[in-house]
Amino acid sequence: MSLLSFLFGTKNDKVTVISAADFKQQIENKNVQLIDVRTAGEFKSGAIKNATNIDYLSGNFISKCDSLNKDKPVYLYCRSGARSARAAKKLSRAGFSKIYDLKGGISSYK
């Protein structure tokens with residue numbers, strides 16, 4: 001059972017929760033849509049290289065994601081995995097076709 005299934009009680013084939021090792025391998029040296037959904041303050045305290053900060057808790061998360069390509073994979077992370085799981089569900093409903101969520105957040109990535 002994925003984290004999304006556990007949190008929301010549904011299976012979502014657009015969202016894949018992946019380990020830190022797989023996440024790192026998939027984004028390394030590639031031009032990907034890498035989104036840090038933490039607050040600006042958290043982002044400034046340290047982020048994954050080449051990540052764009054779009055705060056999930058801001059009132060306009062989805063409108064800020066409108067500049068992203070919905071047909072290209074999106075890689076999401078937060079501090080521990082909870083916010084990025086919720087962000088992934090929102091992006092899925094907004095029409096994004098392939099979303100990768102970092103299991104355990106940036107805490108597991110370091």
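The values are calculated or read from the model by the stated rules, or taken from the named source; none is laboratory data. All values reported here derive from a predicted model rather than from experimental measurement. Glycine also receives a Cβ, built like all others from the backbone with ideal geometry; neighbour counts cover every protein chain displayed.
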Quiz item: How many residues, within the range 90-110, are under 10 Å from the mean Cα position of the chain (by Cα) and either of a type outside the set (Val, Ile, Thr) or surrounded by fewer than 17 Cβ atoms within 10 Å (Cβ to Cβ) (or both)?
Solution: 6
Quiz item: Here are Ala21, Ala88: which of them is in a helix (DSSP H, G or I) and in contact with an Asp or Glu (Cβ under 8 Å, 6 or more places away or on another chain)?
Solution: Ala88
Self-check item: Residue in the range 68-85 that is nearest to the chain's Cα centre (by Cα), counting only those that are of a type in the set (S, T, N, Q) and outside any helix (DSSP H, G or I)
Solution: Ser80
Quiz item: Do you know which residues across the range 33-52 are touching a helix residue (DSSP H, G or I) at 6+ places or on another chain (Cβ under 7 Å) and either within 13 Å of Leu91 (Cα to Cα) or surrounded by fewer than 16 Cβ atoms within 10 Å (Cβ to Cβ) (or both)?
Solution: Val37
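Just to be sure, is Gly9 small (Gly, Ala, Ser), farther than 21 Å from Ser97 by Cβ, loosely packed, with under 14 Cβ neighbours inside 10 Å and at pLDDT 95 or above? Spell out how you get there, then give the answer.
Details: small (Gly, Ala, Ser): yes; farther than 21 Å from Ser97 by Cβ: yes; loosely packed, with under 14 Cβ neighbours inside 10 Å: yes; at pLDDT 95 or above: no.
Considered against the rule, which asks whether it is small (Gly, Ala, Ser), farther than 21 Å from Ser97 by Cβ, loosely packed, with under 14 Cβ neighbours inside 10 Å and at pLDDT 95 or above, Gly9 comes out as no.
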Quiz item: Taking interchain pairs and intrachain pairs at least six residues apart, which have beta carbon atoms under 7 angstrom, with the first residue in the range 35-56 and at negative phi and the second assigned to a strand (DSSP E or B) and among the aromatic types (Phe, Trp, Tyr)?
Solution: Ile35/Tyr75; Asp36/Tyr77; Ile48/Tyr77
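How many residues are in a loop (DSSP other than H, G, I, E, B) and touching a strand residue (DSSP E or B) at 6+ places or on another chain (Cβ under 7 Å) when one looks only at the range 40-67? Step through it out loud before you land on a result.
The first filter runs over the range 40-67 and keeps only residues in a loop (DSSP other than H, G, I, E, B), leaving 45-51, 54-60, 66-67.
Subset that is touching a strand residue (DSSP E or B) at 6+ places or on another chain (Cβ under 7 Å): 47-48, 50-51, 54.
Of the residues in the range 40-67, 5 are in a loop (DSSP other than H, G, I, E, B) and touching a strand residue (DSSP E or B) at 6+ places or on another chain (Cβ under 7 Å).
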